[in-house]
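K.L.:
The following block contains the structure, expressed as C-alpha cells.
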Amino acid sequence: MELIHGLVLGLLLSVTYWDGSFSVDIDESVTSTYQETTDVFDKNSLFWVEENEERSYIKYVEITPYSWQKNINTHQAAILAVFPNASITHMVVDRGNFTIIVSDQKSHTIKAVTLFGPLKSLVYWDLVEGTSNKVNGIALDPVTDILYWTDAVYDIILAVALSMPNMPEIIVDEDIDDPYGIVTYPQKGYLFWTDIDIHNPRLMRSSLGGKDVQTLIQFEKGRRAFSLYIDQGAERIYWMNEVNSHSAGVEFMQEISSCDINGGSSRSLRRQIVTQYYDIGIFEGQLFFIEGGDIHIHEMDLNRSEKSAIDGQLKTLTILSKTNEFNRSNPCAESLCPGLCTSSNTTIDCFCVSSQNGGPSWHKNYCRSKSFYGLLIPKADGIFTIKPNFMEYKTDKYPKITPTSVVDSSISIRAVATDTRGQKIFYYEYGSEFSLIKSIVTSNNSVPEVISYTVGKVGGMAVDWNTNNLYWTDIKYDHIMVAKEDGRFPIILLKQLGQPKAIAIHPFRRYLFWSELDEGRVLRSYLDGSEITQILRRPAYDTIDMTVDIEYERLYLCSRHSLHEIDFNGDGYKTHYSEPLRHKFTGLTLYHDYIILSDTHYQSSGLHVFDHSRQVRGVFPYYGSLTYDSFHYGNWYGVRFHHKSLKSNYEKEQDTCDQVTLMTKDSITCICTLGYTTNNTSCEIEKSHSLVTKIFLLVADQQYNKLLQIKQTVLWEMWHLRAVPVQAIRQPYAIAYDPVDKKVYWTELESRTLSRSDIDGSNQEIIFYEPHAYFTHLEIDPGSRLVFYMTRHELMYDYGYVGPVGSIFAYNIETRMVTAIIKKGLQNPHSLAVNVEHGYIFFTDNLEVWRVDINGSGVDPIIKTVKCNVVTTFGSYLYFTHELNGFKTMIFRTDLSGQNVTEVFEFEHGHVFDMKVVDDSFIYWINGSTKSVQRMRLKNPKEITDITPYDILFQPTSLSVIMLGNYYGSSCSNMDCDDMCLPTQPDGTCTEANHTEYVADHWSGHCRIPSIENGYISNNEVGKTVPNGYMTRVTCYQAHRRSHDGWIKCKHGMWTDIPTCNLEYTICGTKKRGYKLYTTSGYYFAYPEATDVYVIGIGGGGGGYDDMNKQIKDRGKAGDGGDSKFGDSFISYGGKGGSVKAGGKGGKGFQTGGDGSIGSNCTRGGSACTSSEGVMTYNEAFCGTGGYSSECIDNLAGYVDSQLAGPGGTNGNLSTAGFFGGGAGARGGGTGGGGGFRQQAIRLEERSLTKVTVGRPGQPSYGHAGPGLIVVKWGDDPMPFNIKSFDDINVKCAQDHN
C-alpha cells in the first residue's frame, strides 16, 4: 500500500494547482457524498457502474447475508466516483490500497481512483494508456498488487503492477483464442479465464505467472462462457454461459454455472431465456447478476430472486467481501525483480520491461526470458517492432510511439518471414556485392546466422512450418527456391517465371501462392510446385505482397497503392482501398482483427490499418494510421506479424526425406539439392568406386555453398553433376584435387579457412584458419606433395601495416610443413598457376601477369599492358585473359617468358572467373555472365560447348580439371631435406619451413571430432577440426546401446549433446579386470583391454525319464541338455536324457559329465564335471550334482563331502538337479546325464563380438535338469572362487560393478 500511495502522492505533486485536495470536475451533489466513503473499503459492499448523461458513476451499497430479502434501494446508493465522458466496461476493487480500477473502452485506458490522505480525497489516475477496444475482463491479485486483463483484439492476457503504471507485460500468449472473463486465486497461485472462441470455447487456468496453461473445461461448440467470479472460501468458480438455442423465438439461452477450481463438480445454478447477462458476484449464498438493466439477487439455496431497478444504464458490478479475501505476505516484496513480479505459491516469475533489458547485468538473473511478440518491420538498418496496441494510442493525447529495434544491420533488410512454431525470424539483407538470407531465434538471446547465399534479389519469403521449409522468390533469376529452415539443401523449385515477387503459403491446403510482376499475375500451385494455376491477371496492378487468411480462406493482396481480396480460386475480387497519389505500399500482414499495410511514401511513411472484422457492405473500414513523415530510419520495406499464438494445433507432418520434404496435393514427396538423386525416400550420391573417372571436373560455387564434381560422359554430350557432400561450408572460392590421396581441397571466404576431405565427403577437416586473411587460390603438385595457396590479408587487422597484403605459400601434405614463397609482397593478387615442369609460379597482381620461381626468387611482371584476372599454364605455354570494359573478353597464349603472344579466341559480354587447359587439346573456363562451365577445342576455337546449363549454378568461382593415370614425378624425389623441398628445376631446393597444425579454439566456432568411449564418429577421425554447423553421428561398438539417436552438431565451438555408448549387458569389474557369468545366451564384446580371456563352460544337464509323461513315453526318452558355446570352437556338450532302460550319457568336454543311472533303488542323475556316476571326481567351479530318482528318501544318504557340488555350484534337491549342468532325477526309468565341463584360454580380436550360447536344461523331464553356464573372465584372477555360493558371487559382482 505504501508504494501505491507514494505513487498517488507523486501524481498529486505533479498537478499544477493543488490546495490539499484533488478531484475531478463533478456536481455538488456528488461532492457532498465524499465523506460517506471513509469506511467503504471496510464493509461488505456491492459496487456497480451506471452510465447517465455521458458520465459513468461508481455507486455502492452495503450488503448482508439477507440482502435478497430487503430488496436493495439503489436510489439511496452512495456515489464513490464519477468518470466524465467515459464508457466503463469492467471494475475491480482493491481494499488494501483504497483503490477502484476500471476499464474505459472510450478512451482505451485502464483508470484508477484512490481514496488518499487524511481528507479522504479522491485521486484519479491512469494505470494503463492505450489498451485495445476489446478489454473483456480485469482481475486483481491483491497480494502482489498486480492487475490482469484479457485482450481479445490481440488474444493475450496482460498484467501491470499498480506501482508501475504504463509498463504492462504479456503474461499469457499461447493456446488462447478469444479471452473474456478473468479472476485470480492468490492463495493457490492460480489465474482463471474463459475463452469464447465460437469453435473452441473453454475454461482455462494457469499460474499467476502464465505458466502451466491448461484447459479445465472444454465446452460444447457454440456454448461460450463469459464473466467469471471466484468464491475463494468455497473454492468454486462461477460463470455465465451463452448457449446457442434458437428456441422460443430467441437466439440464445442464458445460464449461470459453477465448478471447483480443478474443473470438476460442475453444475448449473440458474437457467432461463433472457436478453443479456453482464457481470456476476457471490456473497453469503447470494448470487448477484445483471439482467434486463436491473440488479438481481438470487438466493441459491431457496432458489428465490429479487431485483432492484437502476436509474441509468447498468454496465458492470463487483462484490467487495471480507470472506473472499485472506491475509498473506507478499513474496515479491523481498524479491530483487526489477520489473513485474508475479507470485504463484512459492514460485516467483519476473517480467522485465523492454527498457530494463539493457540495464545492469544482474537483471538477467531475475528476468524471465520471453519470446518476441509483435509486428516486424524491415528497414534500411535493421528490423524494427512496435507496441502491439499501437493503434489505441491517440496522437493528440499521447506521444507518438517510436519503433524499436529487434535486429540491427548495416545492410538494408528488404524482406521478412517468420516461423511461429520454431520461433524464428528470417530476413533478407540486400547488398551491392552480396545478398543473403539470415535467421534469428526469438525465444532466447541468440545471434543472427547466415542460412543462404543462394540469392540474387529476393522478392518475398514464406515458411511452411509443417515441413520446416523456407520458400523465397528471386526477381533477378526469375525463379522460386526452397530450402530447409537452416539453409541446407537449396533447390530451385520453379524456373523461368516472370519476375516473381510476393509469396504466401497455406500449410493445411498445401498451397503455394505467388505474384509475377511481368504481367500482373497471381498464381497458385501445391507446395511441391505441381499443378500451377493462374488465379488472377490484372496487368495494371503489381501485387507486391500478399497474405493468407486461413480462417476465412481468403487471399489479401496489395499493390503500390491498393488493397484487394480474392478467394483461393481467384473469384470474389474486391478492392477495399485505393489511393494512387497518397501511398507507396510495400507489404501487408494479418494482425488479429486488423490488416496492416506498410507504406514508404514520403508523405505517409508508416503503418495503415484496416479492420477486417467489421466489414461494411463487404469493404473493410479504414481504421487509422501511424505515420512518420520524416522518420529518420528510412524506408519501410514490409510488415509481418510474428507470434507463437499463431501456431496451429494441426499435427505436423513427419519428414520422410533426409533433405527436403515437400507437400503434394495428396501426399508428400522427397526432392534433393543439386548433385544428388532421390529414390523417393532419401537422397543419394554415387558410390565411392565410381567417383573417380579418367577425367572429371571440380567446381566451387560461392553462392550455392557447394562443391560439385562434373563427370565426363561420351564426348560431353551428356553432363552429370555430383555433389561432393561436405558440410557447413561458407562461400567456397577455390578448389583443387590431390589424385594421390584422392582428396578435395578448397578455400572459404566467409569462414577464412583452407579445408579438405575425401571426394565422397568423408574425413572433412580444416587445415588452416586465419581470422584476418582470406585464402583465395589453390594449386596442387601431387608429385612433390605440395599445396600452393594464395592469401589476402585485411589491412584493418594488420597492426597498422598498410603495404602489400597478398602472399603465396607452399604446404606439404604429408609433413604439414609450410613455407612462404612470397610473403605480403602482392598488392591486388587474383589468379594462381603452377608449372612444376619448368619450376615457375604465375599469378596476377593489379591486373598484370607475374612470374616467380617456385623457390620465391625472380619475381617479375611478364605481361603489363592487359587487364588480366585469370592465368593458367600447361606444358610450355601460359594462357591469360584480357577484359575490355566488360563488353568483350579475350584469351591469349604466350610462352613462359611472356613472349610470342597470340590470341586464342574472344567472346562478347562474357567474364571469365577461372580457366584450365588440359593436354594441349581443350580449354575449360567458367563464364561469369552465364554462370556456366564451358569448353573449347584449341584447334577449333569457334566451337564452344556448355558443360553445365546456364540456370543451375549461381556463382561458380573456381574450376579444377583432373586427368588421372599420369605419372606424378618430382624433382624432389631424390632430395633429402630437413624441412621442405620445393620442386625447382632441374633439381629440387631445400628450404626452411614451419610445422603447423590447426587446433580449434573457442573464438573460431570450430570443433574437434571428439573421442567416443565405446564408439566412434562416422565418416571422420578423432581430433580433426570441423566447421561450425558440421553434423555427424556417433556409432557405438557392437553390443553397446546409444543414449539417443546419435546425431551431434558443432555449434559455435561446442558439440551438442554427445550420446554415451553403454554396454548392453552388465560385467563384474572393469574393462581391464573382470568377469561375466552367462546364465542366458548373449554376446561378449572384446574391449582392447580384454582380448585375452579365460572361458569356463558347462553344458546343460539331461532330463530324467518319467513313465507317467505321455510326451516322454512317445519319444522313448527324456530331453537332452543343450550345448554351451563360446563362439564356434569352444563347446561344452549337454548331458543326454534318460530312457526307460538306461540313464543318459554325460556331456563331453574337458571333463565329461557323469552318466545318469537306473535301478529299483535310489539312483541319482549325473553330475557335471565328472566321469563317475554321481561322484564329483574334480572339484571344478560351478559344477552341480544330479537330482534323485523318485525312490530316494534322503538327498545325501550315503554321500560324503567330496561328492558335493563344486565352488559356486549347488547340490541336487529331490528330483531337481543342481546348478549347473546336473542331470535330472527320474521316475520309472533312467536319470539324466551331467553336462560336460570345459575351460580354455582364448585370444580375441579387438572389438570383436563373440556369440555366447548357454545350454538349456533337458526337457521334457521328470525333475528339473540343471541349466548350462558360460563364464568369461579377463585380467589378473578377477573371480572370487573362494566364495562358495553362486548368490554370493552375484552380490560380489554387484559390488564390483558399482
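K.L.:
Cβ neighbours within 10 Å, averaged per peptide: list 1082-1092, 1231-1241, 1142-1152 in order, most packed at the top.
P.N.:
1231-1241, 1142-1152, 1082-1092
K.L.:
Modelled label-to-label distance, Glu1191 and Asp979, 7 Å Cα→beta-carbon offset: nm?
P.N.:
9.7 nm
K.L.:
Rounded, prolate or oblate: which fits region 902-1055 when a ≥ b ≥ c are the square roots of the eigenvalues of the alpha-carbon gyration tensor, with rounded for a/c under 1.5 and prolate only if a/b beats b/c?
P.N.:
Oblate, since a/c reaches 1.5 and b/c is not below a/b.
K.L.:
If I stretch the segment between Gln496 and Asp1276 completely, what's the gain in nm (0.36 nm per residue apart, minus their alpha carbon distance), one decimal?
P.N.:
So the extension gain works out to 273.3 nm.
K.L.:
So how do Thr215, Thr1080, Thr872 rank on accessible area, 1.4 Å probe, biggest first, that is with the largest at the start?
P.N.:
Thr1080, Thr215, Thr872
K.L.:
Here's something else I'd like to know. Calculate the dipole size of region 467-575 relative to its Cα centre from +1 charges on Lys and Arg beta carbons and -1 charges on Asp and Glu beta carbons; express the result in debye to the nearest 20.
P.N.:
Computed about the Cα centre, the dipole is about 160 debye.
K.L.:
Let me ask you something else. If amide H atoms are built 1.01 Å from N in the plane of the peptide, which residues on other chains or at least 5 residues away come under 5 Å of the amide H of Thr131?
P.N.:
Amide H neighbours of Thr131: Thr109, Ile110.
K.L.:
Averaged per residue, what accessible surface does region 106-228 expose to a 1.4 Å probe, in Å²?
P.N.:
The answer is 28 Å² per residue.
K.L.:
How much accessible area per residue does region 466-560 have, counting only protein heavy atoms and a probe of 1.4 Å, in square angstrom?
P.N.:
Ligands and nucleic acids excluded, the result is 35 Å² per residue.
K.L.:
Please give the contour-minus-distance gain from Ala78 to Asp294: 0.36 nm per residue of separation, less the Cα-Cα distance, rounded to one decimal in nm.
P.N.:
Difference between extended and current length: 76.0 nm.
K.L.:
Residue by residue, what Karplus-based ³J(HN,Hα) values in Hz, rounded to whole numbers, does region 79-93 have, using 6.51, -1.76 and 1.60 with θ = phi - 60° and x for Gly and Pro?
P.N.:
Going residue by residue, I get 8, 8, 8, 10, 10, x, 6, 10, 10, 7, 10, 8, 8, 9, 10 Hz, with x marking Gly and Pro.
K.L.:
While we're here: What is the calculated FRET efficiency for Arg1115 to Thr1066, with r their C-beta to C-beta distance and R₀ = 35 Å, to the nearest 0.05?
P.N.:
0.40
K.L.:
When the accessible area of region 992-1106 is computed with all protein chains present and a 1.4 Å probe, what percentage of it is carbon and sulfur?
P.N.:
Whole-percent figure for carbon plus sulfur exposure: 47.
K.L.:
Also: In whole Å, largest first, what are the principal axis extents of the Cα atoms in region 457-498?
P.N.:
28, 17, 14 Å, listed from the longest principal axis down.
K.L.:
With every protein chain present, what accessible area does Cys1192 have (1.4 Å probe, heavy atoms only), rounded to the nearest 10 Å²?
P.N.:
20 Å²
K.L.:
Quote the accessible area belonging to His1006 in square angstrom, nearest 10, computed with a 1.4 Å probe and with ligands, DNA and RNA left uncounted.
P.N.:
Rounded to the nearest 10, that gives 10 Å².
K.L.:
Tell me the net charge near Trp514. Cut-off is 10 Å between Cβ atoms, Trp514 excluded, with +1 for each Lys or Arg and -1 for each Asp or Glu.
P.N.:
Summing Lys and Arg as +1 and Asp and Glu as -1 gives +2.
K.L.:
Okay, moving on. Which value, in Å² rounded to 10, gives the accessible area of Tyr1262 with a 1.4 Å probe and all protein chains present?
P.N.:
Taking all protein chains as shown, Tyr1262 has close to 70 Å².
K.L.:
Run the dipole for region 193-236 about the Cα centre, Lys and Arg Cβ at +1, Asp and Glu Cβ at -1, nothing else charged, and hand back the magnitude in debye, nearest 20.
P.N.:
100 debye
K.L.:
Provide Met1031, Met1108 ordered by accessible surface of protein heavy atoms (probe 1.4 Å), highest first.
P.N.:
I get Met1108, Met1031, largest accessible area first.
K.L.:
Roughly how big is region 991-1131's charge dipole about its Cα centre, with Cβ charges of +1 (Lys, Arg) and -1 (Asp, Glu), in debye to the nearest 20?
P.N.:
340 debye
K.L.:
Just in region 849-886: which trypsin sites (Lys or Arg not before Pro) are loop by DSSP and have at most 16 other Cβ atoms within 10 Å?
P.N.:
Filter output for region 849-886: Lys864, Lys867.
K.L.:
Mind running the shape call on region 742-880? Use the C-alpha gyration tensor, a ≥ b ≥ c as the square roots of the eigenvalues: rounded below 1.5 for a/c, prolate if a/b tops b/c, oblate otherwise.
P.N.:
oblate
K.L.:
For the residue pair Ser530 and Lys574, what label-to-label distance in nm results when each label sits 7 Å from Cα along the Cα-to-beta-carbon direction?
P.N.:
Between Ser530 and Lys574, the label points sit 3.4 nm apart.
K.L.:
For labels at Ala540 and Asp567 in the simple 7 Å Cα→Cβ model, what's the distance in nm?
P.N.:
2.5 nm
K.L.:
According to the square roots a ≥ b ≥ c of the eigenvalues of the Cα gyration tensor, what is the shape class of region 447-556, taking rounded for a/c under 1.5, prolate for a/b larger than b/c otherwise, and oblate for the remainder?
P.N.:
oblate
K.L.:
Which ³J(HN,Hα) values in Hz, rounded to whole numbers, follow from the phi angles of region 158-174 under the Karplus curve 6.51 cos²θ - 1.76 cosθ + 1.60, where θ = phi - 60° and Gly and Pro get x?
P.N.:
Listing the rounded values in order: 10, 8, 9, 7, 4, 8, 10, x, 6, 10, x, 10, 7, 9, 10, 9, 9 Hz.
K.L.:
Probe radius 1.4 Å, ligands and nucleic acids left out: which of Phe41, Phe892 has the largest accessible area, and how do the rest follow?
P.N.:
Output order, biggest surface exposure first: Phe892, Phe41.
K.L.:
Using the Karplus curve 6.51 cos²θ - 1.76 cosθ + 1.60 with θ = phi - 60°, work out ³J(HN,Hα) for each residue of region 1011-1026 in order, rounded to whole Hz, and write x for Gly and Pro.
P.N.:
So the Karplus estimates, Gly and Pro as x, are 7, 10, 5, 6, x, 7, 8, 5, 6, 7, 10, 4, x, 6, 8, 10 Hz.
The values are calculated or read from the model by the stated rules, or taken from the named source; none is laboratory data. All figures in this text were calculated on a predicted structure; none of them were measured in a lab. When we count neighbours, we look across all protein chains shown, and the Cβ atoms used for this are built from the backbone with ideal geometry, even at glycine. With ligands, DNA and RNA removed, areas are computed over all heavy atoms of the protein, side chains included. Shrake-Rupley method; radii C 1.70, N 1.55, O 1.52, S 1.80 Å.
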